[in-house]
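> Got a structure for you, questions after.
Each reported figure results from applying straightforward, stated rules to the coordinates on display, with no laboratory input. Keep in mind the model is a prediction, meaning the values are calculated, not measured. Neighbour counts are summed over all protein chains in view; Cβ atoms, including those assigned to glycine, are modelled from backbone coordinates with ideal geometry.
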Amino acid sequence: MNLPNIKEARIRTDKKVEIKRDEYQLSPSMKVLGVGKNYCIYTYGCQMNVHDSENISAIMEEMGYSKKEDMDEADVIILNTCAIRENAHNKVHGMLGRIKHLKETKEDIITVFCGCMAQEEGIANELKEKFPWVDIVMGTHNFHKLPLYLEKTLTTKQQDIEVFSIEGDVIEGIPVKRDSKYKAWINIMYGCDKFCTYCIVPYTRGKQRSRLPEDILKEVKDLVKEGYQEVTLLGQNVNAYGKDLNLHYGMANLLEDVAKTNIPRIRFVTSHPWDFTDDMIDIIAKYDNIMPYIHLPLQSGSTKILQKMGRKYTKEEYRELFYKIKNKIKNVSITTDIIVGFPGESKEDFQETLDLVDELKYDLAYTFIYSKREGTPASNFKDETTEEEKKERLAELNKKINQYALENNQKYLNKIVDVLIEGKSEKEGRLMGYTDTMKLVNVKASEKYIGKIVKVKITEVKTWSLDGEVVDGK
Ligand code: SAH
Ligand code: SF4
Ligand code: F3S
């Protein structure tokens, strides 16, 4: 048993990150462990977790397990959790209740608890004390060891907690079963060293570790051969890619090399404004297959609050970067993240956020009420704003965000845009896909277009999506 420890999770040393290529191994007995059995996986949180779940699914299937959508049919239930805000916790506690209920009639179900919540000291202890029936608790650094833990649990029938608060290594060679045949997530780096004062991620994901350029480029080239249309390069702070490798090869170089593979579409998330270089902007502007879409989290429009958040840029610096991107990248859409009700945010500070939103008119924004995360510096900051006031601020902000989202979408009416058709839409009888600028489009089109980039005429615009018709299928 290994329990996480917040003090250790905070440590950053100069220790060189190891690239481990032989860590994922299956013994002959592991390869047949799941034959005739089923698993299901529930994923919460960001794209990194979504991609980790694609890895975990592949690992399960290499052991012979088959995937089911519903927990009623599963022999192994996996919860891949997120810790970013308190409400992420609530959802997972609800799921644990459902599984416990199911276990009353189907005793030998195995429950696996993993992801960022597992890395939290308080949560791991709670699972140990209050949920001893949760069979395996594993962290973000060692989920590739799942076959080992499963084999052990099936013999000992005892709870196994294996969570390590370490800086982390780079593990290559973990298999992947991608959810889509057309677009793929690719990790370019793990962890985060920014330590924004509100954020739990540096504790749950370890230190910033970049993958080697050649490993990333090989993955992209293989995807091109398989006919993939789009890759999204993933990291908590992709603009800092490569800084830890000392290769004098950064995000601008990587973007250029990925662009040269001729994959039709390249995206990347998330960009911390701090490390966004002019070189990056020039490369994005230069290559047509790097999508004109930037997610540029603002967090707050008040320099005072930004400083308390540890974001290391001022309102003015952010604004300057925003306009540089707008002016240099043709037709770019910019989205953002904003936190309201951060400790010490006064009415005036919040007004500065509203004013900046009025000025910058984002294509879309993800907005959150500040959520206190145990162990982070901000959890000790004095917070005098009432919950009610915070909710009012969020509603006021969202009203503006929605207004600008609609205004930006209106520019698309009657225009012809490229859409990668991904599959069926939630809207009856339609397919769905995204524009190069990341606008969701519900398209009237034949299913033969699924997996293709097609010309779509926009016939109707809404706040969150566009409607359209195919005009010229390739
Ligand atoms: N690495 C990314 C953000 C990843 S988390 C970046 O720095 O840009 C996604 C978003 O969740 C953040 O941008 C922030 O707006 C929000 N978030 C993170 N911690 C939060 C907290 N404690 N309370 C509320 N929102 C939070
Ligand atoms: Fe969290 Fe900041 Fe790192 Fe983003 S950059 S993951 S907000 S600490
Ligand atoms: Fe959540 Fe962990 Fe991602 S906390 S947002 S799943 S990195």
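> So which cysteines of the chain have no other cysteine's Cβ under 4.7 Å from theirs?
40, 46, 82, 114, 116, 192 - these cysteines have no disulfide-compatible partner (Cβ-Cβ under 4.7 Å) in the chain.
> So how do 405-413, 260-268 stack up, highest first, on mean other-Cβ count within 10 Å?
Ranked from most to least packed, the peptides come out as 260-268, 405-413.
> On a C-alpha basis, how far is the centre of region 287-347 from the centre of region 142-213 in Å? Whole number, if you could?
Using only Cα atoms, the two centres lie 28 Å from each other.
> Give the relative contact order (percent, whole number) for region 180-299; include only Cα pairs under 8 Å separated by 6+ residues.
25 percent
> Would you please state the base-10 log of I(q)/I(0) at q = 0.13, 0.14 1/Å for region 1-160, with intensities from the Debye formula using one equal scatterer on every alpha carbon?
Here the Debye-derived log intensity ratios amount to -0.61, -0.71.
> Over region 128-192, consider all pairs of different Cα atoms and compute the Kirkwood hydrodynamic radius from their mean reciprocal separation; express it in Å, one decimal.
Details: mean 1/r = 0.0702 Å⁻¹.
By the Kirkwood definition, the hydrodynamic radius is 14.2 Å.
> Using 5 Å bins from zero, what percent of all Cα-Cα pairs in region 239-289 falls into each bin?
The percentages, shortest bin first, are 4, 20, 33, 25, 13, 4.
> Just need the relative contact order of the chain here, percent rounded to a whole number, with Cα pairs under 8 Å and 6+ apart.
Reported relative contact order: 11 percent.
> Beta carbons within 10 angstrom, averaged per residue: use that to sort the peptides 350-358, 85-93, highest first.
Values: 350-358: 18.3, 85-93: 14.9.
Result, highest mean first: 350-358, 85-93.
> Modelling each spin label as a point 7 Å along the Cα-to-Cβ direction, I'd like the residue 444/residue 262 distance in nm, to one decimal.
Distance between the two pseudo-spin positions: 3.6 nm.
> Got a sec? Charge dipole of region 34-133, +1 on Cβ for Lys and Arg, -1 for Asp and Glu; which of 97, 119, 51 is way out at the positive end?
Positive-end residue among those listed: 97.
> So what does log10 I(q)/I(0) come out to for the chain at q = 0.06, 0.08, 0.13 Å⁻¹, using the Debye formula with one equal point on every Cα and no solvent?
One equal scatterer on each Cα of the chain leads to -0.28, -0.51, -1.40.
> Under 1.5 on a/c is rounded, so check that first for region 250-355, then, if it is not, pick prolate when a/b is larger than b/c and oblate when it is not; a ≥ b ≥ c are the square roots of the alpha carbon gyration tensor eigenvalues.
Prolate is the answer for region 250-355, as a/c is 1.5 or above and a/b outweighs b/c.
> What is the sum of charges, Lys and Arg at +1 and Asp and Glu at -1, for the other residues whose Cβ falls under 12 Å from the Cβ of residue 138? Please report the intermediate quantities before stating the final value.
Details: positive: 145, 152; negative: 52, 135, 160, 162.
Charge balance near residue 138 sits at -2.
> Place a +1 charge on the Cβ of each Lys and Arg in region 176-292 and a -1 charge on the Cβ of each Asp and Glu, then give the dipole magnitude about the Cα centre in debye, rounded to the nearest 20. Before the final figure, lay out each step's value.
Working: 17 positive and 16 negative charges, 97 e Å.
For this selection, approximately 460 debye.
> Okay, next question. Remind me, relative contact order of region 92-153 in percent, using alpha carbon pairs under 8 angstrom and six or more residues apart?
Working: 44 pairs, mean separation 20.0, N = 62.
Reported as a whole number, the value is 32 percent.
> Now for a separate question. Taking a ≥ b ≥ c as the square roots of the eigenvalues of the Cα gyration tensor of region 413-474, is the shape rounded (a/c under 1.5), prolate (a/b larger than b/c) or oblate?
It comes out rounded by the Cα gyration axes.
> Grab every C-alpha pair in region 333-474, bin the distances at 10 angstrom width from 0 up to the longest one, and report whole percents.
Bins of 10 Å from zero give 11, 33, 23, 18, 12, 2 percent of pairs.
> Same structure again: Highest first, please rank the peptides 134-147, 389-402 by the mean number of other Cβ atoms sitting within 10 Å of their residues.
The most tightly packed comes first, giving 134-147, 389-402.
> Which of the residue pairs 181/286; 415/452; 243/452; 411/444 have a Cα-Cα distance greater than 29 Å in the structure shown?
Over 29 Å apart, Cα to Cα: 243/452.
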